[in-house]
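Novice: Before I ask anything, here is the structure I am working with.
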Amino acid sequence: MPAYARENQLTLDTHRGYLYGGISVHRQEHGAVVNDNTYTVTGMTCGHCVASVTEEVGEIPGVHDVKVELDSGALTFDSDQPISRDAVDTAVREAGYQLA
Ligand SMILES: [Cu+2]
């Protein structure tokens, strides 16, 4: 296979990976993703707490890629539109915890 053909194949594979890569799809379709929504959650003591918060926050419409750190309480996520602190506060309270 000539080198240029391999490169084309590589480009195609990379493109596919990008297109079907979850968050990347969102970025491409909507183009206005809000990154770095950042909060601190208090009261979490174990992995179940983290899972609960992750689930509740992930149910807020437009929110995706939720990450919660147990040790620091750091909660971060991306969203398709600005998400109010109230919405995050409600979700975190539903999980049984509070925002700092
Ligand atoms: Cu827990």
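The values are calculated or read from the model by the stated rules, or taken from the named source; none is laboratory data. What you see is a predicted model; the values in this text were computed from it and never measured. Note: ideal-geometry Cβ built from the backbone for every residue, glycine included; neighbour counts use all protein chains shown.
Novice: When you check L12 against the structure, is it among the aliphatic types (A, V, I, L, M) and modelled with pLDDT of 50 or more, yes or no?
Specialist: No; evaluated as a whole, the condition is false for this residue.
Novice: Determine which single condition T54 fails, assuming it passes every other condition in (1) part of a strand (DSSP E or B); (2) under 13 Å from the mean Cα position of the chain (by Cα); (3) of a type in the set (S, T, Y).
Specialist: Of (1) part of a strand (DSSP E or B); (2) under 13 Å from the mean Cα position of the chain (by Cα); (3) of a type in the set (S, T, Y), only one is false for T54: (1).
Novice: Inspect the stretch 34-44 for any residue being surrounded by fewer than 10 Cβ atoms within 10 Å (Cβ to Cβ), of a type outside the set (D, E, K, R) and modelled with pLDDT under 95 and give the result as yes or no.
Specialist: No: zero hits.
Novice: From (1) surrounded by fewer than 18 Cβ atoms within 10 Å (Cβ to Cβ); (2) within 13 Å of the ligand (Cβ to nearest atom); (3) more than 14 Å from the chain's Cα centre (by Cα), pick out the condition that doesn't hold for G73.
Specialist: So G73 meets the others, but not (1).
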